1. Treating only the Cβ of Lys, Arg, Asp and Glu as charged (+1, +1, -1, -1), what charge dipole size does the stretch B:5-107 show about its Cα centre? Round to the nearest 20 debye.
2. Using Cα pairs under 8 angstrom and six or more residues apart, how large is the relative contact order of the stretch B:1-42, in percent?
3. Please give the per residue volume of the convex hull enclosing the alpha carbon atoms of the stretch B:5-107, rounded to a whole number of Å³.
4. Could you sort B:15, B:99, A:84 by their accessible area in this structure, using a 1.4 Å probe and putting the largest first?
5. Calculated FRET efficiency, residue B:102 and residue A:6, Cβ-Cβ r, R0 51 Å, to nearest 0.05?
6. Looking at this model, which pairs from A:29/A:193; A:54/B:110; B:30/B:110; B:6/B:41; A:193/B:6 are more than 32 angstrom apart at the alpha-carbon?
7. Along Cα→Cβ, 7 Å out, is where each label goes; now give me the distance between the ones at residue A:78 and residue B:44 in nm to one decimal.
8. According to the square roots a ≥ b ≥ c of the eigenvalues of the Cα gyration tensor, what is the shape class of the stretch A:1-50, taking rounded for a/c under 1.5, prolate for a/b larger than b/c otherwise, and oblate for the remainder?
Amino acid sequence: MGVQMNEASQRLDECLLRFMDQLELLEEKRERLNSLIEQGWFSISKARYSMGNKQVSTLQYGSEIEPQVHVNARVLENGEAEFDAQRVECLRWKYSEKDPMQVEDIGPKEEGVRRRGVTKQEDPKDQPVAPQTYVSKETSPPNQGLSHHQDPLRWFGILVPQSLKQAQASFKKVIELSAEVATLQGTVLATRKELQALMGNKQEETAPRHTDGKTDTGCKTIRQMDEERASDS
Amino acid sequence: MAGRGKLIAVIGDEDTCTGFLLGGVGELNKNRKPNFLVVEKDTSITEIEETFKSFLARDDIGIILINQFIAEMIRHAIDAHMQSIPAVLEIPSKEHPYDASKDSILRRAKGMFSAEDFR
């Protein structure tokens with residue numbers, strides 16, 4: 001009996017420590033998420049200040065909106081869900097990862113300027129560098145599918161201020177982090193259930209037995225707690 | 001849908017929605033139904049609740065992000081949601097900072113350590 005009690009208590013302690021660690025991690029990630037969102041708002045406000053009040057609003061949203069982020073969600077055996085945010089692969093996004101300045105170079109106006117530059121180049125020394133880069137961009141296959149994955153920045157104009165790009169970068173990080181927070185929330189709830197079950201088991205072992213064979217655990221079930229919480233709210 | 005992954009839905013004020021849409025979460029599906037709701041001053045609680053429930057019912061949504069002050073308006077609906085997918089994440093808004101004591105997940109976790117549980 002004593003050995004069993006010790007084992008049960010040890011399991012309960014381990015579970016409780018794990019639960020505390022998860023809560024701490026959740027708090028840390030939450031803090032980071034909140035500060036990134038704040039950064040994003042600040043950048044949006046700066047962009048609104050420089051572009052004009054109505055230039056950064058819901059009116060600017062595109063008529064066709066395609067998602068560029070998907071979350072892979074899967075339910076594990078213990079019932080908790082795992083989320084993983086993945087960005088839709090597109091060469092343009094790859095360019096932006098390699099060199100953020102490349103994003104600014106895409107646009108019909110600039111292509112026209114470059115064409116004029118190519119015809120003027122008669123000097124053979126300059127030819128190998130400039131035309132190659134131009135051709136490689138123009139004939140790159142993902143450009144054909146660009147309309148399907150249009151960068152939301154374009155809704156607000158072609159030459160958007162740097163602050164709007166910063167806002168986009170902040171919110172991209174927020175999206176990745178929100179998938180992590182969602183996973184962690186699921187883990188916390190699963191551990192809570194486990195902890196509740198272990199606590200129930202321990203109470204059952206220590207509780208005095210009634211004459212009818214039932215034990216008075218004195219411990220509420222999760223359902224009871226949830227019902228109470230719902231009635232309180 | 002399984003191969004493609006799920007979407008992130010947003011219920012929030014203008015700046016929150018704009019930010020997340022800039023990040024690339026937005027979608028207008030074939031029926032022109034968005035996966036976001038911009039809550040303005042004249043948006044009714046019924047509309048918010050209906051949108052939230054419609055997001056819960058959609059099988060292509062994995063995470064619902066909602067401003068905490070809006071979540072407070074439909075707290076009963078959020079508390080009633082017990083499934084792990086879609087996950088509901090409460091986020092701060094410009095005028096209402098995040099309050100952990102109001103978060104439905106943390107309130108559930110906090111419920112573990114009330115005095116009654118240790119009787």
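The values are calculated or read from the model by the stated rules, or taken from the named source; none is laboratory data. This one's a predicted model, so the numbers in the text were calculated from it and none came from an experiment. Neighbour counts run over all protein chains shown; Cβ positions are idealised from the backbone, glycine included. Calculation scope for accessible area: heavy atoms of the full protein, side chains included, ligands and nucleic acids excluded. Shrake-Rupley method; radii C 1.70, N 1.55, O 1.52, S 1.80 Å.
1. Numbers: 11 positive and 17 negative charges, 75 e Å.
Roughly 360 debye for the stretch B:5-107.
2. Relative CO of the stretch B:1-42 lands at 46 percent.
3. Numbers: hull volume 10.7 nm³, N = 103.
Value for the stretch B:5-107: 104 Å³ per residue.
4. Reading off the accessible areas and sorting them downward yields A:84, B:99, B:15.
5. Numbers: r = 39 Å, r/R0 = 0.77.
That gives a FRET efficiency of 0.85.
6. Beyond 32 Å between Cα atoms: A:54/B:110; B:30/B:110.
7. 4.4
8. Prolate is the answer for the stretch A:1-50, as a/c is 1.5 or above and a/b outweighs b/c.
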